[in-house]
Structures are given as structure tokens and as C-alpha cells.
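Everything on this sheet refers to the single structure shown next.
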Amino acid sequence: MPHPTDLDTRGGLPQEWLFLLQAHPRDAWAGHPNLGGLTRFWLDRHAGFRKLGGALDGLLDRFREGEVPAERFGPAFGPRLQHFLSELHHHHMIEDHHYFPVFTAAERRLAAGFELLEGDHELIHQRIEQVVSRANALFADLQGKDLDRIRRAADAYAADSDLLLTGLLRHLDDEEDLIVPLILERGEEALGVA
């Protein structure tokens with residue numbers, strides 16, 4: 001049986017970590033006076049990851065359905081995928097090395113939650129490496145004319161990409177549920193992240 005905090009099976013964070021979210025529910029975030037520029041920027045980055053991940057998924061689906069020819073798919077998909085994965089990796093590095101330590105020190109009751117999010121980052125990074133490997137195999141197969149081989153490579157890529165994107169979406173929601181309420185409770189300047 002999967003652990004309740006397993007990225008692939010959890011439906012959210014454990015209730016004992018959501019005490020600040022209960023005080024600051026999502027529907028009240030936009031108008032909160034402590035929702036500062038950095039937090040808005042960070043939420044925009046998350047929205048961008050969701051949007052670009054969805055766009056990549058959509059382009060892949062159109063390719064697999066034969067709506068986008070191979071000669072257009074590779075040049076359109078490759079640079080977008082590289083940008084997405086590179087930005088995601090750097091985003092997680094900044095969170096792990098700067099923001100999570102600050103937030104953990106500010107609210108020790110959430111330390112296990114930040115450890116979970118760091119663990120998510122490690123798993124997501126492993127999945128990024130697998131996606132890169134599958135993408136490289138797909139791009140190599142696109143250079144040939146074996147349509148069955150291309151289809152199999154696209155299917156294999158799609159399976160790994162779906163695992164990455166599904167986990168990433170869960171992670172982003174959980175990360176926001178832990179971090180934004182803490183920032184709203186304390187303020188960016190008081191936390192030292194303004």
C-alpha cells in the first residue's frame with residue numbers, strides 16, 4: 001500500500017500541515033495584503049509550468065494523432081521541452097537552497113512538509129532525467145522513416161512525460177498550500193524573502 005505522502009497517490013498534504021491554509025484559504029489569497037511581489041511572481045512561475053506542461057502535452061498528443069508531421073514536431077517540441085525542464089530544474093534549486101530553509105526556520109511545525117517537498121524535487125528530477133532520455137530516443141527515431149519505431153518511441157516518451165507532469169501538478173498544488181499561507185501569515189519582509 002502506498003504511503004499517504006507518496007507523490008503519485010496522495011490527494012494533498014496531511015491535515016496537520018494545513019493549519020495555515022485553513023486560516024488563509026486559496027480563495028482569499030488574491031486580496032490578502034501580505035501577498036507581495038515575490039509571492040505573485042512565484043505563483044506566476046507555477047502557473048507558467050502548468051501552462052507550458054499542458055502545451056507540451058497537447059503538442060505531443062497532436063503529433064501522436066497524426067495532426068503534426070514529424071518534420072514540424074521535433075523543431076517545435078524540442079526547444080520548448082528544453083526550456084520547460086531547464087526552468088523547472090533551476091526553480092527547484094532556488095527553492096531547495098534558499099526558500100525552504102527560510103520557511104522551515106520560520107515555522108518548525110511545517111519542517112516535515114518542506115522535507116516532503118524536497119523529496120518531491122528529487123523524484124521530479126529523476127523523472128526529468130528519464131524524460132530527457134526518452135525525448136532523445138524519440139528525436140533520434142524522428143530522423144528515420146520507421147513509423148512503427150517512431151510511434152513506439154512517442155508512446156514511451158508520453159508515458160514518462162505523463163508521470164512527470166501528473167506528479168508535478170500535485171507537487172505545485174501542495175507546495176502552494178504550504179508556502180503561500182505561511183507568507184500571508186507572516187509577510188514577505190518579516191520572513192526575509194521580500
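The values are calculated or read from the model by the stated rules, or taken from the named source; none is laboratory data. All values reported here derive from a predicted model rather than from experimental measurement. Reconstructed Cβ throughout: ideal geometry from the backbone, glycine too, with neighbour counts over all protein chains shown. Ligands, DNA and RNA are excluded from the accessible area calculation, which covers all protein heavy atoms including side chains. Shrake-Rupley method; radii C 1.70, N 1.55, O 1.52, S 1.80 Å.
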How about segment 77-93: which of its residues are among the aliphatic types (A, V, I, L, M) and surrounded by 13 or more Cβ atoms within 10 Å (Cβ to Cβ)? 81, 85, 88
Which condition breaks for residue 130 when tested against (1) modelled with pLDDT of 95 or more; (2) farther than 22 Å from residue 63 by Cα? (2)
One residue is enough: does segment 137-154 have a residue meeting the conditions farther than 24 Å from residue 59 by Cβ and either polar (S, T, N, Q) or surrounded by 15 or more Cβ atoms within 10 Å (Cβ to Cβ) (or both)? no
In the list 129, 95, which residue meets the criterion of being charged (D, E, K, R), part of a helix (DSSP H, G or I) and either closer than 19 Å to residue 176 by Cα or touching a residue at least 12 places away in the same chain (Cβ under 8 Å) (or both)? 95
Suppose the filter is part of a helix (DSSP H, G or I) and either surrounded by 21 or more Cβ atoms within 10 Å (Cβ to Cβ) or at pLDDT below 95 (or both); does residue 103 pass it? yes
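Here is a list: 165, 169, 182. Which entry is modelled with pLDDT of 95 or more, surrounded by fewer than 16 Cβ atoms within 10 Å (Cβ to Cβ) and out of contact with any Ser or Thr (no Cβ under 7 Å at 6 or more places or on another chain)? Full working, then the answer.
On the way: 165 fails: surrounded by fewer than 16 Cβ atoms within 10 Å (Cβ to Cβ); 182 fails: surrounded by fewer than 16 Cβ atoms within 10 Å (Cβ to Cβ).
Among 165, 169, 182, only 169 is modelled with pLDDT of 95 or more, surrounded by fewer than 16 Cβ atoms within 10 Å (Cβ to Cβ) and out of contact with any Ser or Thr (no Cβ under 7 Å at 6 or more places or on another chain).
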Of the residues that make up segment 107-117, is at least one under 18 Å from residue 10 (Cβ atoms), open to solvent by 30 Å² or more (accessible area, probe 1.4 Å), hydrophobic (A, V, I, L, M, F, W, C) and touching a Gly at 6+ places or on another chain (Cβ under 8 Å)? no
Going through (1) assigned to a helix (DSSP H, G or I); (2) at pLDDT below 95; (3) not hydrophobic (A, V, I, L, M, F, W, C) one by one, residue 6 fails only at (1)
Hits in segment 30-76 - residues which are open to solvent by less than 40 Å² (accessible area, probe 1.4 Å), free of Cβ contacts under 8 Å to residues at least 12 places away in the same chain and closer than 15 Å to residue 162 by Cα: 58
